[in-house]
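Q: I'd like to ask you about the structure that follows.
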Amino acid sequence: MAEILRQQPHIAQAISATDLQRNAWPVGLSMYQANGFYAPRSGDVLFVMSPGWLEAYSYPVVKGTTHGASWAYDTHVPLLFWGWHVRHGESAEEVKIVDIAPTVARYLHIQEPSGTSGTPLLEVLK
C-alpha cells in the first residue's frame, strides 16, 4: 500500500508502520511520523501530503490547515513564556514541543514529568 501511495500525485511520503518502527528517524518527515506514531491507534501505512495539500472528508477544500502537517507552515508557530520572573527577550532558536515540559518544570523547581525527553530552554530561565 505504501508503494501505491508513493506513486500518487501530491503524496510526499508513504511508509509502512513496520518500516517506521524498524529504523531511527532523527530528522525529516519520517521523524514527524515516528513522533506521532502510536501502534494501537495508528494505521498500517502512514502518508504525508505534499506541501499545500490537505486531506478532507468533504470537498472542495479551499483554505485552511490541519495543524498536523510536517511542513514549516504548520510546525513554525510562536512560543511565548510570560509571567513573574520570566526573562524578557526573544529568540529565533528552534524549539521542539518536548522542550516545553522540562522548561516549565525547571522554572517551577519541580521534577520533570516521567518520560521527558526534551531539554530546558535555558534562555527563558536565565
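Q: Which residue pairs have Cβ atoms closer than 8 Å, lie 6 or more positions apart in sequence or on different chains, and pair a first residue in the range 28-45 that is part of a loop (DSSP other than H, G, I, E, B) with a second residue that is surrounded by 11 or more Cβ atoms within 10 Å (Cβ to Cβ) and modelled with pLDDT under 90?
A: S42/G36
Q: Filter the range 52-68 down to the residues that are of a type outside the set (A, V, I, L, M), open to solvent by 100 Å² or more (accessible area, probe 1.4 Å) and modelled with pLDDT under 80, then identify the one that is nearest to E123 (Cα to Cα).
A: H67
Q: Let me ask something additional. Within the range 5-24, is even one residue under 17 Å from the mean Cα position of the chain (by Cα), farther than 17 Å from A69 by Cα and in a loop (DSSP other than H, G, I, E, B)?
A: Yes, because at least one residue in the range 5-24 is under 17 Å from the mean Cα position of the chain (by Cα), farther than 17 Å from A69 by Cα and in a loop (DSSP other than H, G, I, E, B).
Q: Is there a residue in the range 38-49 that is farther than 30 Å from K126 by Cβ, open to solvent by less than 100 Å² (accessible area, probe 1.4 Å), of a type outside the set (G, A, S) and touching a Leu at 6+ places or on another chain (Cβ under 6 Å)?
A: Yes, the range 38-49 has at least one match.
Q: Would you check if W71 is free of Cβ contacts under 8 Å to residues at least 12 places away in the same chain, open to solvent by less than 100 Å² (accessible area, probe 1.4 Å) and of a type in the set (F, W, Y)? Don't jump to the end; show me each part of the working.
A: Values: free of Cβ contacts under 8 Å to residues at least 12 places away in the same chain: no; open to solvent by less than 100 Å² (accessible area, probe 1.4 Å): yes; of a type in the set (F, W, Y): yes.
No; evaluated as a whole, the condition is false for this residue.
Q: Quick check on my filter: what residues within the range 87-126 are touching a Leu at 6+ places or on another chain (Cβ under 9 Å) and either part of a loop (DSSP other than H, G, I, E, B) or exposed (fewer than 10 other Cβ atoms within 10 Å of the Cβ) (or both)?
A: R87, S91, E93, V95, L121
Q: While we're on this one: Checking the structure you have, find out if any residue of the range 27-37 is at pLDDT below 95, open to solvent by 60 Å² or more (accessible area, probe 1.4 Å), more than 19 Å from K96 (Cα to Cα) and touching a Ser or Thr at 6+ places or on another chain (Cβ under 8 Å).
A: No, that holds for no residue.
The values are calculated or read from the model by the stated rules, or taken from the named source; none is laboratory data. What you see is a predicted model; the values in this text were computed from it and never measured. Backbone-built Cβ (ideal geometry, glycine too); neighbour counts: all protein chains shown. SASA here: full protein model, heavy atoms, side chains in, ligands and nucleic acids out. Shrake-Rupley method; radii C 1.70, N 1.55, O 1.52, S 1.80 Å.
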